[in-house]
Structures are given as structure tokens and as C-alpha cells.
Amino acid sequence: MKFDLPLIVTKISTTPISALPQKVPRGIRHMLMEYPVHIIVNTVTACNLACEHCFITNYGVEIPDAHNNIMHWDFFLKILDRISPAVKHAEYFQFSTFEELMHKRIFDMMDAVLKINPKIQFPIHSNTMLIDDAKLGRLATYPISELTISLDGMKKETVERFKTGASYDQIIATIRKAAALDWNARLGVVFVAHKDNIAELPDYVDFVRGLGVNTIYVNNLLSFTPKFREKYLYTPTGNPEAELIFQEAIARVERNNMSIYIPRLTPAPMGCSIVEAVYIDQQGNISPCDFLNESTPFEYFGETKQGPPVRFGNVLTENILDIYRSPEVRAFRNHHRHGEVPEPCTHCIDAYGLMCSKRTKYGV
């Protein structure tokens, strides 16, 4: 067992006293015993939308080795059996980094995971196009830790122009229904910020509060090719105009007793938190994330980089904990923990605090 004492001391010293009863046991399990807190099995590598900015839309084109697929039920059970030693100690299990509700047996998969770990929770992120009243009601009977919904503006034309195939009216209706449910899931919205929607953000805060939402996650637009470069808000030296809009949004969040997570607009090497999770693809391979599991291109301030997939092992032939605790994976994880950007991640904005990993929380 190896652990980074200075990092552990830093984490404890920067954790609010009120959060220590929850954080310390998790830290012991994750940092000292090296059990992953979050497990992702990408049972769905597809989406019901076709947004131009999303890298999954480029599967088979700019990303020739990636394919849309939905994992067969029997194969999922095989994967689950192999990773059960990690599942027993995990807090969260996620069924896809894409639209996981596309899988017709998602509730069967939840049941199977709960048999191994009855205390585990399922975070769900959705564009809501596949959520009807029956599915929403059934979700409310499961331990959903959080339902986060994509809503990239407060105006119909803004949302539907950015998300190809999305229905603004359906998204708003689903948010209202989810907010009215009697369940423990936190309800949040994700706002992907770019030049065409950033002006809406302050009013968006009040708008979603009126829908019953208390948590807002703001991401910068991540484009994998130069096509959307002119839409970025972040620059090498910052963006004072967008910062003022962020500050107004934060002020409204604080008045509304809400929470908002804001990314940087000036890059700084910070590392990415996704490496703390275990990501498993449709063949059982373990990779740092869904981007690096394929030959995904990254566009960073005018320079595009496309490298080979990064894979650490396969759970069908190796023990998942042996892979997670291996020197190679431990070194990769520690680089990110210390704000050091490994070579495969040098052109991904998430390593520089510009997307979702190192956002700053404001409000309650």
C-alpha cells in the first residue's frame, strides 16, 4: 500500500469541519486502501441526439476506431461479475458517459449492481428526450444520487440551435416534473457556456430556480476540432467580459440560496478528477476516460493533437483492483492529483480547469 501523505494532509486541512465525518471514511477507502469511489461502465456509446460539437458525433469519422454500440445484457453481467470486488466498496456506479437511458435494461442493470452493493448510488445525466412519466417515476424508486439535465440556455432558440434534436419544451417539462418528485436525488442542470449563450446565464439562474433547480454546473465548450474555436470563452489571458457575467450569475445564485460550479477562463495546469474513477469500455478495457479510450482529437488554442488510445488493462483477464493499483495507473493518477498534465492530456481543456473537473463552487 502506497499513499501520498502531503496530499492527504492538504485534503484534510482544506476540508470544512462539517464535511469531515463524510469525507474522512471516503478518503481512507479511496486514498489509503485504494478502492475507487466511482465506477463507470460505458454500456452505451451512442446518443439519441446529433450535436455537432460532441465528439461522439465524430465516431467513425474523425475518430475512426470508435463505434456506436449498446452493451448486451449478458456481457454486462460478465463485466459486473469481474469488477464486483471494486463495486462492493464503491459509492457511485454510472452506466454511461453518454445517454445511458438509451439502454432498455438500465433498471435491470441497477438491480444487478444493488445485489452486490445495496448502498451504492447511481448518478444520471440526461438530455431528457427519452424520459417519459413512467421512466421518471421508476427512477424515483432507485438510489439516484443526482439527476443532471442538459439545458444550455433559457431561450428555446438558444437551446435547440445548440443541441441538435432536443426539444426545449420537453426539457422544461421534465425538469418541473423531476423537481416535484418526492425523492432524495439532487436535481441539477448543466450549462455549456459559449459566446452564443453566455449573456443568458444571469437570468438563467433565476429561471431554473423557478423550475425547482438548486444546482447549476457550468462547463466551457469543449470542441475536438477547430470548427467551434470562435465560440470559446476561455483564452490564454482570460475573458474579462465573461468574468463579469459569471460574477453576476454568482450573485444571483447567492441571493437564491443555490449552488453554482464555475470553470476557469484562463488555463492553468490543474489535473483532471476523472482519473479518480474507473472507466471501463464495451470490451472491458480500463482507460483514464472516454476521450482517451479512443483516438480522440483535442483542439487547444489552434493546435490539434490526436494520439492512440490509452488503456491500462482489461477486467476480463485481469483483476480490476490490481489494474487500479498498478504502478502505471497510480503514476497517471498522481500526476493529475498534483496538477501535472501527462502527455496524453496536454491538449484537453479539462486538465487546465476549463471544463468540469476543477470548477469552483459558489453559494450553499
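The values are calculated or read from the model by the stated rules, or taken from the named source; none is laboratory data. Bear in mind the structure is a predicted one, so any value in this text is a computation, not a measurement. Counting neighbours? That spans all protein chains shown, and the Cβs are built from the backbone with ideal geometry, glycine included. For the accessible areas, the whole protein counts, side chains as well, though only heavy atoms, and no ligand, DNA or RNA atoms are used. Shrake-Rupley method; radii C 1.70, N 1.55, O 1.52, S 1.80 Å.
When the dipole is taken about the Cα centre of the chain, and only Lys, Arg (+1) and Asp, Glu (-1) are charged at their Cβ, what size is it in debye, to the nearest 20? Display every interim value, and only then the final one.
Numbers: 38 positive and 41 negative charges, 202 e Å.
That gives a dipole near 980 debye.
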### Query
Residue farthest toward the positive end of the dipole of segment 142-271, with Cβ of Lys/Arg at +1 and Asp/Glu at -1: which of Gly153, Tyr204, Ala251?
Gly153
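For segment 111-177, calculate the relative contact order in percent as a whole number, restricting contacts to Cα pairs under 8 Å that are 6 or more residues apart. Walk me through the intermediate numbers first.
Numbers: 58 pairs, mean separation 22.7, N = 67.
RCO, segment 111-177: 34 percent.
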#### Entry: Phi-based couplings in Hz for segment 335-348 (Karplus 6.51, -1.76, 1.60; Gly and Pro marked x)
4, 5, 4, 9, x, 9, 9, x, 3, x, 9, 5, 10, 9
### Task
For Lys88, go through the lysines and keep the ones whose alpha-carbon is under 24 Å away, minus same-chain ones fewer than eight residues off.
Lys2, Lys23, Lys78, Lys115, Lys119
### Query
Rounded to the nearest 500, what is the chain's calculated 222 nm mean residue ellipticity when only DSSP H runs of at least 4 contribute -39500 (n - 2.57) each, over all residues?
-9000 deg cm²/dmol
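After finding the eigenvalues of the alpha carbon gyration tensor for segment 137-246, what semi-axes result from the square roots of 5 times each, listed largest first in whole Å? Let's see the in-between values first.
Values: eigenvalues 152, 43, 37 Å².
That gives 28, 15, 14 Å for the three semi-axes.
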### Query
With a sphere of radius 9 Å drawn around the Cβ of Thr296, what net charge do the other residues whose Cβ falls strictly inside it have (Lys, Arg +1; Asp, Glu -1)?
-3
### Message
I'd like the distance separating the alpha-carbon centroids of segment 113-191 and segment 32-94, in whole Å.
### Response
19 Å
### Message
As an exercise, take the mean of 1/r over every pair of distinct alpha carbons in segment 200-338, invert it, and state the Kirkwood radius in angstroms.
### Response
17.8 Å
#### Entry: Residue-by-residue Karplus 3J(HN,Hα) for segment 82-92, coefficients 6.51, -1.76, 1.60, Hz, glycine and proline x
5, 9, 4, x, 7, 4, 4, 10, 7, 9, 10
#### Entry: For Glu52, residues with placed amide H under 5 Å, excluding near neighbours
Thr164
#### Entry: Percent accessible area from carbon and sulfur atoms, the chain, protein chains only, probe 1.4 Å
54 percent
### Accessible area (Å², 1.4 Å probe, nearest 10) - Tyr352
30 Å²
### Message
Can you report the principal axis dimensions of the chain using only the alpha carbons, biggest first, rounded to whole angstrom?
### Response
50, 50, 47
### Task
Would you list which lysines come within 28 Å of Lys231, measuring only between C-alpha atoms, while excluding same-chain residues fewer than 8 positions from it?
Lys155, Lys156, Lys163, Lys195, Lys305, Lys358, Lys361
### Message
Below 8 Å, C-alpha to C-alpha, sequence gap of six or more: please give me the relative contact order for segment 233-331 in percent.
### Response
19 percent
### Query
If you project the alpha carbons of segment 264-356 onto the principal axes, what extent comes out on each, in Å, largest first?
41, 25, 19
### Task
Output the relative contact order of the chain, whole-number percent, from Cα pairs under 8 angstrom with separation of 6+ residues.
17 percent
### Per residue accessible area in Å² of the chain, where ligands, DNA and RNA are left out and the probe is 1.4 Å
44 Å²
